[in-house]
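Okay, so here's the structure we're looking at.
The values are calculated or read from the model by the stated rules, or taken from the named source; none is laboratory data. Since this is a predicted model, take the numbers as computed values, not measurements. Glycine also receives a Cβ, built like all others from the backbone with ideal geometry; neighbour counts cover every protein chain displayed. The protein model used for the area step is the full one, side chains on, heavy atoms only, and it has no ligands, DNA or RNA in it. Shrake-Rupley method; radii C 1.70, N 1.55, O 1.52, S 1.80 Å.
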There are 4 protein chains.
Amino acid sequence: MPTLSNAEQQKLERLLQDIVKSLSQETERGAVADYIPELACIDPNQFGIAVALADGTLLQAGDSQESFSVQSITKVFTLAMALDRIGAELWQRVGREPSGLNFNSIIPLEIDKGIPRNPFVNAGAIVTTDVVLSGCQRGHMIEELLSFVRRAAEDSTIDIDASVAASEASTGYRNQALASFLRASGNLHHEPQVTLDAYFHQCALAMNCVQLARAGRFLIISPETPNLIPPRRVRRINALMMTCGLYDAAGDFAFRVGLPAKSGVGGGLLLIVPHVASVAIWSPALNAQGNSTLGLKAAEMLATEMGWSVFG
Amino acid sequence: MPTLSNAEQQKLERLLQDIVKSLSQETERGAVADYIPELACIDPNQFGIAVALADGTLLQAGDSQESFSVQSITKVFTLAMALDRIGAELWQRVGREPSGLNFNSIIPLEIDKGIPRNPFVNAGAIVTTDVVLSGCQRGHMIEELLSFVRRAAEDSTIDIDASVAASEASTGYRNQALASFLRASGNLHHEPQVTLDAYFHQCALAMNCVQLARAGRFLIISPETPNLIPPRRVRRINALMMTCGLYDAAGDFAFRVGLPAKSGVGGGLLLIVPHVASVAIWSPALNAQGNSTLGLKAAEMLATEMGWSVFG
Amino acid sequence: MPTLSNAEQQKLERLLQDIVKSLSQETERGAVADYIPELACIDPNQFGIAVALADGTLLQAGDSQESFSVQSITKVFTLAMALDRIGAELWQRVGREPSGLNFNSIIPLEIDKGIPRNPFVNAGAIVTTDVVLSGCQRGHMIEELLSFVRRAAEDSTIDIDASVAASEASTGYRNQALASFLRASGNLHHEPQVTLDAYFHQCALAMNCVQLARAGRFLIISPETPNLIPPRRVRRINALMMTCGLYDAAGDFAFRVGLPAKSGVGGGLLLIVPHVASVAIWSPALNAQGNSTLGLKAAEMLATEMGWSVFG
Amino acid sequence: MPTLSNAEQQKLERLLQDIVKSLSQETERGAVADYIPELACIDPNQFGIAVALADGTLLQAGDSQESFSVQSITKVFTLAMALDRIGAELWQRVGREPSGLNFNSIIPLEIDKGIPRNPFVNAGAIVTTDVVLSGCQRGHMIEELLSFVRRAAEDSTIDIDASVAASEASTGYRNQALASFLRASGNLHHEPQVTLDAYFHQCALAMNCVQLARAGRFLIISPETPNLIPPRRVRRINALMMTCGLYDAAGDFAFRVGLPAKSGVGGGLLLIVPHVASVAIWSPALNAQGNSTLGLKAAEMLATEMGWSVFG
């Protein structure tokens, strides 16, 4: 896929407007995540989309400037940092296969003796956080994450929403169970509450669609994108997003959309169009699998209309 | 990805020779599948590779003219035929998600009340066979399959190896268990032995690497390839190959190679490079997950050297 | 527990009448098993009960002379015969633990590599049937079973209902799946259909409550009962009935009733009061776990009123 | 089973000596539990046994006066207290079925949405602790437990070993995972660390065989035993011990020994002979299932020689 022609860029611009308009009439949106109290009161009638092209061109529509909690989308950045820290050693502590189960399932941890199935299920991301945290304080690790994301997005205003982190810390018992199980299995180098504290803070990263789309550009291989990690690693992270990024809906998403992606329970969705673009979509109401209902629809419309599948 | 330049084609030609040479020195190859008696006596020291470009150009090296049992690779053709027969209705009988378990695991069938996780695990392919078989005799269904594959490969000599089918029928108790469970769940329209008879015959499809590479061209979208199924369906089958084609090693394969693929216990591997090429690799000795040991290595060497990942 | 005094015997006699009367007013009975066509048309408004004391005294009430299909209750006789045949060797092919799952679950077979959890789940009873069948024809094995049951019940008229066996054979796909899986695991010495044919015939054993209560007396240790198996084995079979006889409702039954028991989908229930009595209860409508709804109630009333728990 | 005659009592006395002598020559004992640091340094070459008859008579042999950590055996007392507190309401928060899995497995919690399979697996005992703790402080709850156990044993010196509690609190990550999961499921009324603190303290109850055998007498129905809970509840707790007391070895224990029992990772074993006796056995080295290797042997010898099975 080459970069976009002027005609394609104009088509894309109209398409974003069409998507916003078309989805504004959707009535079945699902419900906003309520297990993190701070997220439960978000207005579900919001929808934003932004596309950052390889050359930095930015297109947007809808509520693309509204900040939201990226939640699990951060796992992509943390994985990149963990690989930067210890390279292939990481794969002794985390697998690379889809789990066939929910993102917060604890069953695979018991079956696989404390090795999470992949870095995008919660247990896996707790391990990558544990890796990045290694030998430093939480504050330091979060600074490093912010530094990475700000460089990727070329935007120094991106920050953590501490109230969301606090909110999740007070109710995140399921993640506590995962972290304690990892620790019991010898696969957590810090006390569970230490790693979880960092984990909850990184999940509380706040961005709007424009910022997220720009930040995602480090996953496009192009001479024009920020060269934060080697191309080989870019490909591999994209591969993991394709097979594991949407948890137990990854197969269906690959089937419908055909692009690497990562979702978060804040309703955000990051899509990578290799060589071409990084796309951020946000709509807070979720379907039963915990993915943004309108986000998935928008992704399918966008990929279909632009012919953006990696599969031909 | 555009078609190959002359220089790239020459590079590819040399690379195939290098792969053959390099792998001929591999000593750890695993073991030939022994649960189908007819396959147990294949010489493990064989290795062939063939690449069919979109324009029909053919490159090959090693034992690329040796015929082998394609086994599960047929599932790709049968899926295409099942979708042609009943379209999206198929997805009421089969899922589209990786299972997180072995290719012949029966556990997901009980958990999901008789709905196989995807069309590439054995249970799923028994269902697609049941769909294609619908309303006709086994002989007729096999004729249809052969007709499809022969058209795809533009080679009318491709055939079933009846002795392999008979061999598997006499020992295929695990597949009998899957078919009986499907029938008990109301997800098999024929008696188990009827569908299994067809299933074992299709698995016994015999091809050499050249034939398989040519047959795989229907999964490349190009004006020059046989247009057997619509482009949208090509993309979707490729997506399923990416997330489910190598069973519980699909995530690792996407990570290492980054191309849609389907493996078979005969030691064959079909790889699709969207827009560019269809690749067949064969080496009969298998690793613990039931994939060809040298086949995986060759696929990784090929994709890395040619820069053929779909992920950038 | 000593044998019953005259007063206790009179109390028991009145109690059986009271139970019949009381349960005749129950409206929530569940549904008759419908997966075996021949059983689907049984009148659910039937209830019978019979008590055979150690000394042979027989008390009965309700439809105690109506013949019914004992189904899984036969597993007790087959286990006794299998132990007689190969003794403790049996425990290399079958476990002795409750499964924590449904009676026809196939999940434990895959987890435990073809070793059924216990001889009372279907897979386990298919193995005990396979043991008893060893080296003979189905007809011979069924003769042996009938001979055993007739001697136990001292009633030569007890027989198999061939139409029920045929009915189950034509629809028993779930049991076919279990048998095929066992065979695939090397834990079935005959072809699946051969062992299943014997299995379906033994399940089709027909008895009325009086016959079943009398047949159960071989599980009471007493100088007055038929001495068909050694006392140590009697205790062990009773132990297995206590922990596994009612499948995933065994814990609840031990809690409520406190006696070894075995249920069947025909609506029958065999209860052993060690040293004292063998009890048969029958009512065809089943609860969600596949046990007779009124049978369980009657067992609880009987045990509570007579003080018949083994637990004090 | 009546109380013991003089001859039987003499036989029992000699038998205890024989058991001690016979087992002192056993070389395959397994290993002492090492996941609680304080328990890891116990001398494995110890063995004690004590029998408390219904009338209070006490027989003992070996290291029967050595104090040990009763660990999971306390679950029996806590269950009695929880039932005393909220009666049958308890069964809305805990099941009554064997799990078919390890005592600390977290898999059933996810499958059953936070309802532990029974009160004797760790998750279940964390819930019964949570019930008893309700509305009071940990200190108060532990006082209540000690008061209950001291009354049962008629021994006011029984106490908690605080160093064991502290030791487990510092390493009990697996139990933290269970408690956090319960809390996430809404089945824990206190913060995980609050309930766990009480749980670890109760597990750290220290007794010698004589004390434990005497304490167990509240589970014998007899006019001569301390009447701490109603007879009906005694039977029910015994039933749960039979089906769930030895976790995934309960079926085998019922088969071999035929008596209700509860084991602990400290190497203790409490056996109830309904109407007749309470037996405590202790030997710290454990088998693969976490039960005392010599404890199981001693229990089998004792039950077999005395004819103490509940099954006849």
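Brief remarks on what is shown
- Of the residues making up the stretch B:186-202, just one is outside any helix (DSSP H, G or I) and among the polar types (S, T, N, Q), namely B:N187.
- Residues of the stretch D:208-217 satisfying the condition of being over 11 Å from D:N238 (Cβ atoms) and touching a Ser or Thr at 6+ places or on another chain (Cβ under 7 Å): D:N208, D:C209, D:V210, D:A213, D:R217
- A:T225 being crowded, with 18+ Cβ neighbours inside 10 Å and within 25 Å of A:Q92 (Cβ to Cβ): no
- Checking each residue in the stretch D:267-309 for being over 16 Å from D:A249 (Cβ atoms) and β-branched (V, I, T) picks out D:I272, D:V273, D:V276, D:V279, D:T304.
- Given (1) more than 14 Å from chain D (Cβ to nearest Cβ); (2) open to solvent by 20 Å² or more (accessible area, probe 1.4 Å); (3) out of contact with any helix residue (DSSP H, G or I) (no Cβ under 6 Å at 6 or more places or on another chain); (4) in contact (Cβ under 8 Å) with a residue 40 or more places away in the chain, number of the condition C:V127 does not satisfy: (2)
- When D:D43 is tested against (1) of a type outside the set (G, A, S); (2) out of contact with any Leu (no Cβ under 9 Å at 6 or more places or on another chain); (3) under 20 Å from D:C203 (Cβ atoms), only condition (3) is not met.
- Within the stretch C:68-82, the residues that satisfy the criterion of being hydrophobic (A, V, I, L, M, F, W, C) and farther than 13 Å from C:M241 by Cα are C:F68, C:V70, C:M81, C:A82.
- Filter result (in contact with a Pro (Cβ under 8 Å, 6 or more places away or on another chain), open to solvent by 40 Å² or more (accessible area, probe 1.4 Å) and assigned to a helix (DSSP H, G or I)) within the stretch D:135-159: D:R151
- Qualifying position, being touching a residue at least 40 places away in the same chain (Cβ under 8 Å) and either of a type in the set (F, W, Y) or surrounded by fewer than 17 Cβ atoms within 10 Å (Cβ to Cβ) (or both), among C:E38, C:E8: C:E8
- Selection within the stretch C:266-283 - more than 10 Å from the chain's Cα centre (by Cα), away from chain D (no Cβ under 14 Å) and not in a loop (DSSP other than H, G, I, E, B): C:V279, C:I281, C:W282
- Which listed residue, of B:R232, B:R214, is charged (D, E, K, R), at the interface with chain A (Cβ under 9 Å from one of its Cβ atoms) and either in a helix (DSSP H, G or I) or open to solvent by 10 Å² or more (accessible area, probe 1.4 Å) (or both): B:R232
- Residues within the stretch A:161-185 that are more than 12 Å from chain D (Cβ to nearest Cβ) and either open to solvent by less than 30 Å² (accessible area, probe 1.4 Å) or in a helix (DSSP H, G or I) (or both), tallied: 8
- Index of the failed condition, B:P44 passing every other in (1) open to solvent by 30 Å² or more (accessible area, probe 1.4 Å); (2) under 16 Å from the mean Cα position of the chain (by Cα): (2)
- In this entry, D:G245 passes the filter for residues that are within 16 Å of C:T243 (Cβ to Cβ) and more than 10 Å from every other protein chain (Cβ to nearest Cβ).
Yes or no, residue by residue, for (1) modelled with pLDDT of 95 or more; (2) more than 18 Å from B:A303 (Cβ to Cβ); (3) not in a loop (DSSP other than H, G, I, E, B):
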position: B:S22; (1), (2), (3): yes, no, yes
position: B:P44; (1), (2), (3): no, yes, no
position: B:Q65; (1), (2), (3): yes, yes, no
position: B:V76; (1), (2), (3): yes, yes, yes
position: B:L79; (1), (2), (3): yes, yes, yes
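- Residue count for the stretch A:65-115, restricted to those that are surrounded by fewer than 24 Cβ atoms within 10 Å (Cβ to Cβ), more than 10 Å from every other protein chain (Cβ to nearest Cβ), β-branched (V, I, T) and farther than 16 Å from B:G251 by Cβ: 1
- Lone unmet requirement of (1) surrounded by fewer than 21 Cβ atoms within 10 Å (Cβ to Cβ); (2) farther than 14 Å from A:G295 by Cα for A:R256: (2)
- Of all residues in the stretch B:11-35, those satisfying the criterion of being under 16 Å from B:Q71 (Cβ atoms) and either open to solvent by 50 Å² or more (accessible area, probe 1.4 Å) or more than 23 Å from the chain's Cα centre (by Cα) (or both) are B:G30, B:A31, B:D34, B:Y35.
- Residue within the stretch A:246-253 that is farther than 27 Å from B:R117 by Cβ, in contact with an Asp or Glu (Cβ under 8 Å, 6 or more places away or on another chain) and assigned to a helix (DSSP H, G or I) present: no
- Among residues of the stretch B:72-109, those that are in contact with an Asp or Glu (Cβ under 9 Å, 6 or more places away or on another chain) and either small (G, A, S) or in contact (Cβ under 8 Å) with a residue 40 or more places away in the chain (or both), counted: 14
Residues are listed down the side, and each one gets a yes or a no for (1) farther than 19 Å from B:A61 by Cα; (2) more than 12 Å from chain A (Cβ to nearest Cβ); (3) aromatic (F, W, Y); (4) surrounded by fewer than 24 Cβ atoms within 10 Å (Cβ to Cβ):
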position: B:L240; (1), (2), (3), (4): yes, no, no, no
position: B:A250; (1), (2), (3), (4): yes, no, no, no
position: B:G264; (1), (2), (3), (4): yes, yes, no, no
position: B:N287; (1), (2), (3), (4): yes, yes, no, yes
position: B:L294; (1), (2), (3), (4): no, yes, no, no
position: B:A303; (1), (2), (3), (4): no, no, no, yes
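- Within the stretch D:130-149, if we keep just the residues that are over 18 Å from the mean Cα position of the chain (by Cα) and polar (S, T, N, Q), the residue that is nearest to the other protein chains (Cβ to nearest Cβ) turns out to be D:S134.
- The residues of the stretch A:47-64 that are open to solvent by 30 Å² or more (accessible area, probe 1.4 Å) and among the small types (G, A, S) amount to a single one, A:G62.
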